[in-house]
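Presented below is the structure to which this report refers.
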Amino acid sequence: MRIIVTGGGTGGHVYPALAFISYLKKVTPSTEVLYIGTEKGLESKIVPQAGLSFETIDVQGLKRSISLQNVKTIFKFVKSTNQAKKIIKDFKPDIVLGTGGYVAAPVIYGASRLNIPTVIHEQNSIPGMTNKFLSRFATKIAVGFQEAANYFPEEKTYFTGNPRSQEIADIDAEEAISEFGMSLDKKTVLIFGGSRGALKINQAMVEALPKFVGKNYQVIYASGEIYYDEFKEVFEKYNIEPNIAIRPYVENMSEVMSNADILVSRAGATTLAEVTSLGIPSILIPSPYVTADHQTKNAEALKKLGAAIIITDAELTGDKIVKQIERILDDGMMYRNMSDASMREGVLDSSVRLLKVINRCLE
């Protein structure tokens, strides 16, 4: 199979794509993959690092409000579609897969104009603008949340889950905890605010750290590199505590998460796919700064199932983080029920399902 994969801007679009490519390479090693992204997106760094062929096009996203900038965006879309078509013609793919982000728009649209089968994957419970636009041109549509199917044509939409679910479910690295000086015999709480961190969560953690000292559970916190220096004095004061480890960034986050007992984080779709694949109870703090408030909808889907507790960004304090962590850890029945609910939501064969959707396009 020859496949073009496109998607970018944030890890939420790129990491599911890479997870699926990794699976595809395992089951069909002869598969040839080309990834199309932008020079400025996260994909420009991590896709080449993964050893994949990478091409870029020049494109930008539409503003939601009326803006002269949108006129420029439309012209860029036409130009980038022509760029994408040239790359597609040269590579001659059997199929094109888009995982979201505005870079996917000209690539999927261009492929559809060239009569090449296309699949789009929507990770969130509420689709983004790009996938809503592309849904009319895509051959098939895959969704990571059941709720997202309501926004797309029923006849060509399939629930697959998120490929990161299957990838992280296969990970088990106990040494990941040991690297932080943590004990394998204690409950571990993993806290982070996304790859870049979150100011409000850092502020709450400054309040929470003194309360974690001496507890019978341990805390691993990733602050985000841009915030670590801002709170460095406080972080270094508590980083020496035997049950607290604070880092700007955790490179092996998947391995660390596979050993966690509770997750406290934002509610990005990829994070939720990962946590449910492992059956971990979560305390979710949805970001209020994302398109259509989709993180709140993502979090509410898990809360409804009994797998998560939500603390809103506006109500977030260090005291609330500590109280909710201890509420879960101190109530064995609550912990088991949340864990079971989380595990039931996990889709451990998500890449298998996505490949089936792709194969339907090629029949």
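Here are the numbers:
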read-out: Added length on full extension, which subtracts the Cα-Cα distance from 0.36 nm per residue, K200 to A314; value: 40.2 nm
read-out: Placed amide H near A142: partners under 5 Å, 5+ positions off or other chain; value: I120, H121, E122, Y158
read-out: Residue of I283, I171, I95 that the Gaussian network model of the chain assigns the largest fluctuation, springs spanning Cα pairs under 10 Å; value: I171
read-out: The chain - share of DSSP beta bridges that are antiparallel (%, nearest 5); value: 0
read-out: Added length on full extension, which subtracts the Cα-Cα distance from 0.36 nm per residue, T31 to D349; value: 112.5 nm
read-out: Fraction of accessible area attributable to carbon and sulfur, the chain (%, probe 1.4 Å); value: 49
read-out: Inter-centroid distance (Cα atoms) of region 270-311 relative to region 203-244, Å; value: 23
read-out: Virtual spin-label span in nm between N150 and D170, 7 Å along Cα→Cβ; value: 3.4
read-out: Cut-off 20 Å, label 7 Å out along Cα→Cβ of D94, residues of region 21-40 by amide N; value: 21-36
read-out: Solvent-accessible area per residue, Å², over the chain with all protein chains present [probe radius 1.4 Å]; value: 45
read-out: Those residues of region 253-270 whose amide nitrogen sits under 19 Å from the label point placed on R336, 7 Å along Cα→Cβ; value: 261-262
read-out: FRET efficiency estimate (nearest 0.05) - Cβ-Cβ, Y289 to I74, R0 22 angstrom; value: 0.30
read-out: Gyration tensor verdict on region 162-218 (Cα atoms; rounded if a/c is under 1.5, prolate if a/b is larger than b/c, oblate otherwise); value: oblate
read-out: Shape category assigned to region 214-262 from the gyration tensor of Cα positions, a/c cut at 1.5; value: oblate
read-out: Inter-label distance for V213 and S183, nm, one decimal - labels placed 7 Å from Cα along Cα-to-Cβ; value: 1.9
read-out: Proximal aspartates and glutamates relative to K200, as straight alpha-carbon distance under 17 Å, when same-chain residues fewer than 8 apart are discounted; value: E225, D229, E230, D293, D313, E315, D319
read-out: Relative contact order (%) - criterion: Cα under 8 Å, at least six apart; region: the chain; value: 16
read-out: Neighbour cut-off at most 16 other Cβ (10 Å), DSSP loop, GluC sites (Glu not before Pro), region 1-52; value: E39
read-out: Ellipticity estimate at 222 nm from DSSP helix runs (n ≥ 4, -39,500 (n - 2.57)) divided over the chain, nearest 500; value: -13500 deg cm²/dmol
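The values are calculated or read from the model by the stated rules, or taken from the named source; none is laboratory data. Keep in mind the model is a prediction, meaning the values are calculated, not measured. Here Cβ is always computed from backbone atoms with ideal geometry, including for glycine, and neighbour counts include all displayed protein chains. Please note that ligands, DNA and RNA were not included when accessible areas were found on the heavy atoms of the full protein model with its side chains. Shrake-Rupley method; radii C 1.70, N 1.55, O 1.52, S 1.80 Å.
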